[in-house]
Structure formats: C-alpha cells, structure tokens
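Accompanying notes for the structure given below.
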Amino acid sequence: MLKRLLILSIPLLAGACATDRHANTLSESAVEGRAFAQANCTGCHALDDGVSPNPDAPSLRHAVRRLPAWMVEGSFERGVQIGHTTKMPVFVFKEHDIANLLAYFETLKDKE
C-alpha cells in the first residue's frame, strides 16, 4: 500500500517542483508584480504567452516587448493609457506597484 502511494505521488511532486522553479527565480519585486498582474490584468491579458481572455488584448509578454520600459512606466503613472480603450479599468497604484510590475515585465522580456 505504501509503495503504491509513493509511486502515485512521485509524478505529482515532480510536477510541483517544475511549476515552482520559475517562481523561485523571480526577485521579490517581480513576484509582487506578478501577483498584481494576476489580480488585475488577467481578466483581459494572458500573463505569459497564453491565449488572452480578451481576443483584442495581447499576452503581457507580447505587450511588454512593444514599448520601452520608460514609456510603460510613464503610462502607469498617468493611469494606464497606452494601447487601451475605455474598457480598461482605472487603477489606483499603491507604493511600489509600478516598480513591481516593471520588475515582473522585465522577466517576461528575458524569457525566450
């Protein structure tokens, strides 16, 4: 019985290790930025290269490669204007939210 349980649990444990590998390589700021994006952006955008829920919204990985970081940062400071329609929700960023998002976006640029 124990041997059977061990055999069945090995693939689950291996999958969990593979899933967490990327999260462990992110800086604390990038982890916070990813959490913000997960909570606020995934209604329209895929986080990585997945299919976005809104067909008009690119994945965040694709979106961050379109513009330089300084332009994205300026857009966030003004309330997210670049490339968005009136359907875009209004964000009230707290301290460090923009820096955290930019740190996460850099990790998306680094992935190939």
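A viscosity of 1.306 mPa s and a temperature of 10 °C, combined with the Kirkwood radius over Cα pairs in Stokes-Einstein, give a translational diffusion coefficient for segment 27-110 of 125 µm²/s. Ordered by the count of other Cβ atoms within 10 Å of each Cβ, fewest first, F36, F105 give F36, F105.
A short reminder: the numbers here are calculations on the coordinates, not readings from a lab. The shown structure was predicted, so the numbers you read here are calculated from the model rather than taken from an experiment. When we count neighbours, we look across all protein chains shown, and the Cβ atoms used for this are built from the backbone with ideal geometry, even at glycine.
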